[in-house]
Amino acid sequence: MCIHRNVTRVIDGDTIDVEGGLRIRLVLVDAPEAAAPGGPQATSYLTSLCSGKSALIDEDDFQVGGDPFGRVLAVIYCGTTNANGAMISSGYATTYYTFCSASEFRNDTWTGCSTPPPPPPGNCDPAYPDVCIPPPPPDLDCSDIPYRNFRVLPPDPHHFDGDGDGIGCEG
């Protein structure tokens with residue numbers, strides 16, 4: 001779905017409101033919350049790009065209805081600027097690697113999805129390079145983790161990739 005709407009409010013560095021009561025989440029963009037360190041700067045930058053402007057909203061067709069907060073997941077063009085790409089390239093936000101495999105935009109150069117993500121922090125099993133899932137024990141199931149459609153490498157100790165296509169917890 002592509003629609004044109006005026007931006008009425010910038011919530012933070014990756015969420016805006018537009019006319020018609022729609023809340024839009026910039027897909028594949030991970031910006032700090034407004035009150036977190038770096039949040040005010042990210043919010044201010046997105047405000048400078050989009051506030052009060054007409055925006056083209058290109059919904060991620062692979063993730064329609066996929067946001068737990070009811071937001072539309074989309075690429076936003078404020079004027080001629082791809083706000084998603086601008087947030088990442090500016091350094092005010094990073095690529096939200098967890099959702100690269102789930103997005104129709106994953107192959108677009110602005111996303112950074114083709115660049116390997118930094119290694120996840122903590123005790124993470126290397127079979128799941130884009131998310132942090134601890135090695136067994138215990139043996140985990142897809143219902144035990146928040147991730148979907150993530151890359152899986154052999155030996156897949158939790159058996160998240162049941163059909164062997166390299167994508168875990170598809171759905």
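In nm, give the distance between the simple-model label positions of LEU56 and GLU33, each being 7 Å from the Cα along the Cα-to-Cβ direction.
For LEU56 paired with GLU33, the spin-label model returns 3.4 nm.
Among ALA35, ALA83, ALA93, which one shows the highest mean-square fluctuation when the chain is modelled as a Gaussian network with alpha-carbon springs under 10 Å?
Taking springs between Cα atoms under 10 Å, the residue moving most is ALA35.
Quick one: which residues, 5 or more positions from ILE167 or on another chain, have an amide H under 5 Å from its amide H? H modelled 1.01 Å from N in the peptide plane, none for Pro or chain starts.
VAL152
From Cα pairs below 8 angstrom and at least 6 apart in sequence, can you work out the relative contact order of the chain, rounded to a whole percent? Don't skip to the answer; put the middle values down first.
Details: 346 pairs, mean separation 29.2, N = 171.
Contact order relative to length: 17 percent.
Return one number: the angle in degrees, 0 to 90 and rounded to the nearest 10, between the long axis of the Cα atoms of helix 39-50 and the longest principal axis of the Cα atoms of the chain.
50 degrees
Between MET1 and ASP108, what length in nm is gained on full extension when 0.36 nm per residue of separation is reduced by their alpha carbon distance?
Numbers: separation 107, 0.36 × 107 = 38.52 nm, distance 1.76 nm.
Stretched out fully, the MET1 to ASP108 stretch lengthens by 36.8 nm.
Spin-label point model (7 Å from Cα, Cβ direction): what's the VAL64 to ASP165 distance in nm?
Label at VAL64, label at ASP165, 1.9 nm between them.
Using the Cα gyration tensor of the range 121-171, with a ≥ b ≥ c the square roots of its eigenvalues, what is the shape: rounded (a/c below 1.5), prolate (a/b larger than b/c) or oblate (neither)? Each step should come with its number before you reach the end.
Values: a/c = 1.38, a/b = 1.30, b/c = 1.06.
Rounded.
In whole angstrom, how far apart do the alpha carbon centroids of the range 1-19 and the range 28-107 sit?
10 Å
Readers should treat all values here as calculations from the given coordinates under stated rules, not as data from a laboratory. What you see is a predicted model; the values in this text were computed from it and never measured. With ideal geometry, Cβ positions are generated from the backbone for all residues, glycine too; neighbour counts draw on all protein chains shown.
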